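The values are calculated or read from the model by the stated rules, or taken from the named source; none is laboratory data. What you see is a predicted model, and the numbers here were worked out from it, not measured in a lab. Cβ sites come from the backbone with ideal geometry, for glycine too, and all protein chains shown count toward neighbours. Please note that ligands, DNA and RNA were not included when accessible areas were found on the heavy atoms of the full protein model with its side chains. Shrake-Rupley method; radii C 1.70, N 1.55, O 1.52, S 1.80 Å.
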Amino acid sequence: MPPEPPDVSTRLAADRTRLALERTLMAWVRTSTSMIAFGFGIYQFLQYLSTKEQLREPVISPQLFAVLLIVAGLTALGLAWLQHRQALAVLRAEFGPMPYSIAGVMSAFIAGVGVVALVGVALRV
């Protein structure tokens, strides 16, 4: 005999949990995007200043600082995506099929942008 489908309140609770997972991943996407953009922006700004003015030698190079921020953003994004996928897998196992995650698609897109920024900074574009 097939298992009974969950009642309406249980299904709605599962949907609320899924949406909370989506919001959490989007918060991580925003945080990671900020880290990636800040790293790339600081690098470009300091590179511009070094060509226009005489700056003293920095304690840490702008390129290293940018790479560290971009890698931190990509790492945070990757870990958040992995946690999101694991939590969705648990929900799917318990409650059946769930809608496709748009936040997961956005995290992949931002990760791609972050990799382009990382390559750009690493190759000193």
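Any idea which residue in segment 103-125 is farthest from Met35 (Cα to Cα), counting only those that are surrounded by 11 or more Cβ atoms within 10 Å (Cβ to Cβ) and more than 13 Å from the chain's Cα centre (by Cα)?
Here the answer is Val125.
Within 30 Å of Asp7 (Cα to Cα) and not in a loop (DSSP other than H, G, I, E, B) - does that describe any residue in segment 107-121?
no
Taking the options Ile110, Ile70, name whichever one is touching a Phe, Trp or Tyr at 6+ places or on another chain (Cβ under 9 Å) and at pLDDT 90 or above.
Ile70
Any residue at all in segment 82-93 that is open to solvent by 100 Å² or more (accessible area, probe 1.4 Å), outside any loop (DSSP other than H, G, I, E, B), over 25 Å from Arg11 (Cβ atoms) and without any contact (Cβ under 8 Å) to a residue 40 or more places away in the chain?
no
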